[in-house]
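A.B. asks: Here it is, the structure in full.
The values are calculated or read from the model by the stated rules, or taken from the named source; none is laboratory data. In this text the structure is predicted, and so the values were computed from the model without any measurement. Methodologically, a virtual Cβ is constructed for each residue, glycine included, from the backbone with ideal geometry; neighbour enumeration extends over all protein chains shown.
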Amino acid sequence: MIHKISYKRTLSALGRNGHIKQSGIEVMNREDSHQGHISLSPITSKGDIGRCEIEIPIEDLQQVIDALEQVSGTPIKNLFKETPEYNEIINDLLITAMEGGSNYWYIIEEKLLPDNKEAKGIYPSDVVIKHKGELIIGDIEGQDGTLGKVTLDRCYKALELVLINQPKIYGRIMSGDYDASDADVFFQYAVMKEVVYG
């Protein structure tokens with residue numbers, strides 16, 4: 001996955017060929033690495049990728065974020081912003097979790113649309129992503145009652161929690177090399193903001 005960020009002003013970067021005018025930065029998740037790492041490369045004023053790259057291991061990314069917060073004096077919140085690419089990843093995670101990885105502990109108590117109308121006949125992941133509704137999730141054995149809810153915002157927060165707390169799983173998710181157990185971890189973070197089962 002690649003994100004390109006355009007700066008509001010032109011700066012400079014130092015690469016193999018000396019200083020270049022930098023108009024932005026390319027952020028890439030290296031899918032060819034099973035360990036998982038993020039690479040950063042400058043975007044030149046002509047829109048090309050400069051011959052310079054910094055690699056950050058996924059498991060150390062939070063330390064980098066913390067350092068950026070400290071030196072800038074600006075808290076970094078909401079690491080993930082909604083994009084079609086992330087929505088597709090979340091959709092696949094929800095389906096994998098609800099159809100296999102998490103079905104040992106959860107039950108959908110209600111499917112609600114934004115107007116609080118029941119979403120009968122709408123697939124659960126579509127309720128969350130396409131309709132911006134919510135799933136009310138309960139304990140399948142009925143002992144713990146309602147456990148939480150799943151919304152698109154909570155799914156994006158779950159990605160952040162997986163990145164911070166389970167970086168290896170995050171790397172597999174971003175590379176598409178995850179399994180039902182990984183999807184279950186994501187789903188638990190989305191429902192309860194922590195991993196309780198399994």
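A.B. asks: Among the residues of segment 121-128, are any in contact with an Asp or Glu (Cβ under 7 Å, 6 or more places away or on another chain) and among the acidic types (Asp, Glu)?
C.D. replies: No, every residue in segment 121-128 fails to be in contact with an Asp or Glu (Cβ under 7 Å, 6 or more places away or on another chain) and among the acidic types (Asp, Glu).
A.B. asks: Is there a residue being exposed (fewer than 12 other Cβ atoms within 10 Å of the Cβ), part of a strand (DSSP E or B) and at pLDDT 80 or above anywhere in segment 60-80?
C.D. replies: Checked segment 60-80: no residue is exposed (fewer than 12 other Cβ atoms within 10 Å of the Cβ), part of a strand (DSSP E or B) and at pLDDT 80 or above.
A.B. asks: Follow-up question, since we're still on this one. Within segment 117-160, restricting attention to residues that are touching a Gly at 6+ places or on another chain (Cβ under 9 Å), hydrophobic (A, V, I, L, M, F, W, C) and assigned to a strand (DSSP E or B), which residue is surrounded by the fewest Cβ atoms within 10 Å (Cβ to Cβ)?
C.D. replies: Filtering first and then ranking leaves Ile136.
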